[in-house]
Amino acid sequence: MLGPAQLLTGYARGVFPMAESADDPRLYWYDPPMRGILPIGEVHAARSLLRDLRRGGWTAHLDGDFHDIVAACAARETTWINAPLSRLYSQLHQAGYAHALEIRHDGAFAGGIFGVTLGAAFFGESMVSARTNGSRMALLWLSSHLARCGFSLFDTQFLTPHLARMGGREITRDHYHRLLAEALARRADMHRHPVIGADQLWQEITQTS
């Protein structure tokens, strides 16, 4: 039975676990030849997304409801998050190695993202959107937060069209392993700084774009 320590060892070696379906209790290790990453602190925000952010009502919350974010990410017709993996993520969260960023709009759940941390690496596992731009806001906020907390690698595992539009790119396995080794040699802390507000995030993005 795979445990939290073995899971962290896998991440440190550059592999990540997935199930074939929610009903399959088995877990498989993946090490794709091309790896998706996002530029920390430099995620691309389309004009329409910035306008939505500027209109207000958006807030971000770190580790407020980790288990609900994981459950929301898994609540799809097709998912790679099975019950054993959900339990492992919960154990990693309790140990301080897994975190979730929840996005709300006018107080209602709008989206979120969760992942695992080691050193200065954030391994993004899954994200969910409950309303338009919910997951995009999560990526904007998380990228900013990772930069301020000292992270150097934002691993997205695979590059989707959604991630590519926000500045994600693919790198080779060897390149990824070099970046991972550098990140593991550094220290970062998700709770080093509080999550900023929407106005500060908007100013940060527009000043650097």
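None of the figures in this text is laboratory data; all of them are computed from the coordinates on show. From a predicted model like this one, the values you see are computed outputs, not experimental measurements. So basically every Cβ, Gly included, is an ideal-geometry build from the backbone, and we count neighbours across all protein chains shown.
Counting only Cβ charges, +1 for Lys and Arg and -1 for Asp and Glu, the dipole size of the chain around its Cα centre is about 480 debye. Could you tell me which of rounded, prolate or oblate describes the range 155-209, using a ≥ b ≥ c as the square roots of the eigenvalues of the alpha-carbon gyration tensor, with rounded for a/c under 1.5 and, failing that, prolate when a/b is larger than b/c and oblate otherwise? Cα axes put the range 155-209 in the oblate bin. Helix 173-184 and the longest principal axis of the Cα set of the chain meet at an angle near 80°. Each Cα pair of the range 101-169 feeds into the Kirkwood radius, which the Stokes-Einstein equation turns, at 25 °C and 0.890 mPa s, into a diffusion coefficient of 199 µm²/s. Each Cα pair under 8 Å and six or more residues apart adds its sequence gap; the mean of these over the residue count of the range 11-115 is a relative contact order of 30 percent. DSSP assigns beta bridges within the chain; of those with both partners inside it, close to 90 percent run antiparallel. The distance linking the range 2-63 with the range 161-209 is 11 Å (Cα centroid to Cα centroid, whole angstrom).
Between the listed residues Leu50, Val128, His105, the Cα displaced farthest toward the positive end of the dipole of the chain, a dipole computed from Cβ unit charges relative to the Cα centre, is found at Leu50.
The helix-only estimate of mean residue ellipticity at 222 nm for the chain, built from DSSP H runs of length n ≥ 4 each weighted as -39500 (n - 2.57), is -11500 deg cm²/dmol after division by the residue total.
Here the extension length gained between Arg131 and Asp106 equals 7.8 nm, from 0.36 nm per residue of separation less the Cα-Cα distance. Percent of C-alpha pairs per 10 Å bin in the range 65-209, short distances first: 11, 40, 40, 9, 0.
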